[in-house]
Structures are given as structure tokens and as C-alpha cells.
Amino acid sequence: AAARLGAEVTMVGCVGRDPFGTLLCQNLQREGVDTSHVFVDQSKPTGSAFVMVMPKGENAILSALGANLELTPPRVEKAFSDIGEMDLIMVQMGIPLESVDRVIQVGADREVPVLLDPTPLRDDLPRLWRYATIVTPNQSEAAVMAGSPVDSLGSALEAAQTIHSRGIKRVVVKLGARGCVLFDDDGGRRVKAYEVQAVDTTGAGDAFAAALGVALAEGQSFDDAAIMAAATAAIACTRMGAQASMPDRARVEGFRALGTEVGRV
């Protein structure tokens, strides 16, 4: 998603020694993604996700993380020791939590912003999650991070404020068709979602995180980055599949021009 939006992307990950791992790396390479730091584990199969799409486009996902869990802290260390200049690091939680901690520490040590997308949510959060620069939880993830239910715009704003008070500079709580709530030192506000006919929401969160990260790395404001993220996620919902639904930059800019609102909750 980030590569299609114009970013220079290096992927750090782990696949199994099977045809699926080869296929995934080839897909990334065709998009211009550097896969030289994708490790091949000899003992575990490539991670898989089984997606069930509901009639209105919503989904339920069962993940078998497989080789993803073999992206150990030493492998993370090795990858980042070879990676030079970075404008932003993006990490999620489909890898060992101690490896997420190591990624966040690398960002802090090298003074590079870290965007943490706290998914898939498992038994616990990374120990160093409060040291990420940006977090992008959905409702259930925000409820865990804030320690309170998130079932309305008001409670989403309260959760975002709580997460911000725990050390996160920029918080985005994603609310699906209701848009998202932002919170930073300027306070809270809502970005409304673009209205689309959702076919499959698989990958929408990934599209959102990628666009937010790319826009912030380019120096766009938090609000403008969130608008770009909302547009990218909306487009992703109109297409079936995950990788296949990620839009390119021209499509996003055209869609973004339709406009959406940023306002107080």
C-alpha cells in the first residue's frame, strides 16, 4: 500500500520455505518493495489469514501467524543494522511482542517516528507501546489501550485522550463508516469517512495506516494525513481482496479531492 502511494519501502518480515512465501515476496518485488530483509524460516509455514466477508462488506479474519512469529529480536536487529536513512517506521503486532518492542526502541534510538498499528490484538500489548509516536487502533484495540469501552464518538474521543496522556503524540481511533477520531497536543477532532459502497473491508486498516504513514513522512499535517488515510481506506473497501485493493497515488488524490470534513466531536 505504501509503495503504491509513492513511498520507498523496505519490508522486514519472515516467511516459510514454501510456495506461498515465494509468491508473497514476488508480489512485493513487483511493487518495488525491497524484500532483502524478509527472512525465510526453515521450520514454520508462511503465515496465513482466512477471511470471511459478510453481505455488507464487513469481515471476520482467522489468522495462523506461522513464520511471522519467527521474526525474532535478533532478526529485527540484523535487518535494521543494514537499513540506512528512514523517514518513518511502521510496525504491527503479527510478530512477537518483544520484536515490536525492539522496533520501537530502534525508532527511539535513531529519532525516527514509529507508527504502531496495534493489530492483531492478542493477549497483551508490547511493553514499550507508549513510546510509539503514532498509534492507529480500531474500537476494540482502543478500548484495551485506554482501559475503557469504546462504543460511540464521545467514548472514542475519551479513549484517544487517555492514550495520548500515556505518552503517544498522535492518536487515531478508527471507527469504520463513522470515520476516525484524532487526538494530539491540539486536542481532539473527527475526520468523517468518505461514503462508498463497501464490497470488502479486508485491508482497509492496512490502507489507512500506510497512507497515514506516507503522508506524515512527506511532512503533511496530521489532519491532512488523516484525510488521505480516510480516502485510501475508502477506496480499498470498494474492491475485493487485500493486496489487490490497495490504490495507487493518482486514484487516492482524485478521490481525496471530493473532500471530507474535519471537525470537533
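The values are calculated or read from the model by the stated rules, or taken from the named source; none is laboratory data. In this text the structure is predicted, and so the values were computed from the model without any measurement. Cβ placement follows ideal geometry from the backbone for every residue including glycine, while neighbour counts extend to all protein chains displayed. Note: areas computed on protein heavy atoms with side chains; ligands, DNA, RNA excluded. Shrake-Rupley method; radii C 1.70, N 1.55, O 1.52, S 1.80 Å.
Brief remarks follow.
- Where the range 7-105 is the region considered: accessible area per residue in Å², 1.4 Å probe: 58
- When the charge dipole of the chain is built from unit charges on Cβ atoms (+1 for Lys and Arg, -1 for Asp and Glu) and taken about the Cα centre, the candidate among Met54, Gln26, Leu121 whose Cα reaches farthest toward its positive end is Met54.
- Translational diffusion coefficient of the range 119-168 (Stokes-Einstein, Kirkwood radius from Cα pairs, 37 °C, 0.692 mPa s): 299 µm²/s.
- Residue-level accessible surface for Phe183, protein heavy atoms, 1.4 Å, Å²: 20
- Share antiparallel - DSSP beta bridges, the chain, percent rounded to 5: 55
- Average projection area in nm² (convex hull over Cα atoms of the range 108-218, one quarter of hull surface): 7.5
- Accessible surface, per residue, of the range 119-175 when the full set of protein chains is kept, probe 1.4 Å, Å²: 46
- Stokes-Einstein diffusion coefficient of the range 1-118, Kirkwood radius over Cα pairs, 10 °C, 1.306 mPa s, in µm²/s: 104
- Partners of Lys174 within straight-line reach, counting aspartates and glutamates whose Cα lies under 17 Å from its Cα and excluding those fewer than 8 residues away in the same chain: Glu58, Asp117, Glu141, Asp151, Glu158, Asp184, Glu195, Asp200, Asp206, Asp223, Asp224, Glu261.
- Hull shadow area, averaged, the chain [alpha-carbon convex hull, nm²]: 13.0
- Gain on full stretching of the segment that runs from Met54 to Asp185 - 0.36 nm per residue minus C-alpha separation: 43.3 nm
- Couplings 3J(HN,Hα) for the range 202-212, derived from phi with the Karplus relation 6.51 cos²θ - 1.76 cosθ + 1.60 (θ = phi - 60°), are 4, x, 5, x, 5, 4, 4, 4, 4, 5, 4 Hz, where x marks Gly and Pro.
- Within the range 46-184: Cβ-based charge dipole about Cα centre, in debye rounded to nearest 20 (Lys, Arg +1; Asp, Glu -1): 220
- Lys, Arg +1 and Asp, Glu -1 on Cβ, resulting dipole of the chain about Cα centre, debye, nearest 20: 440
- Packing rank of 62-70, 89-97, 223-231, where each peptide gets the mean count of other beta carbons within 10 Å, highest leading: 223-231, 89-97, 62-70
- 20 Å cut-off, amide nitrogen to a point 7 angstrom out along Gln243 Cα→Cβ, residues in the range 44-59: 44-53
- Carbon and sulfur %, accessible surface of the chain computed with the full protein complex present, 1.4 Å: 51
- Using θ = phi - 60° and Karplus 6.51 cos²θ - 1.76 cosθ + 1.60, couplings along the range 181-186 (whole Hz; Gly, Pro as x): 10, 10, 8, 8, 5, 8
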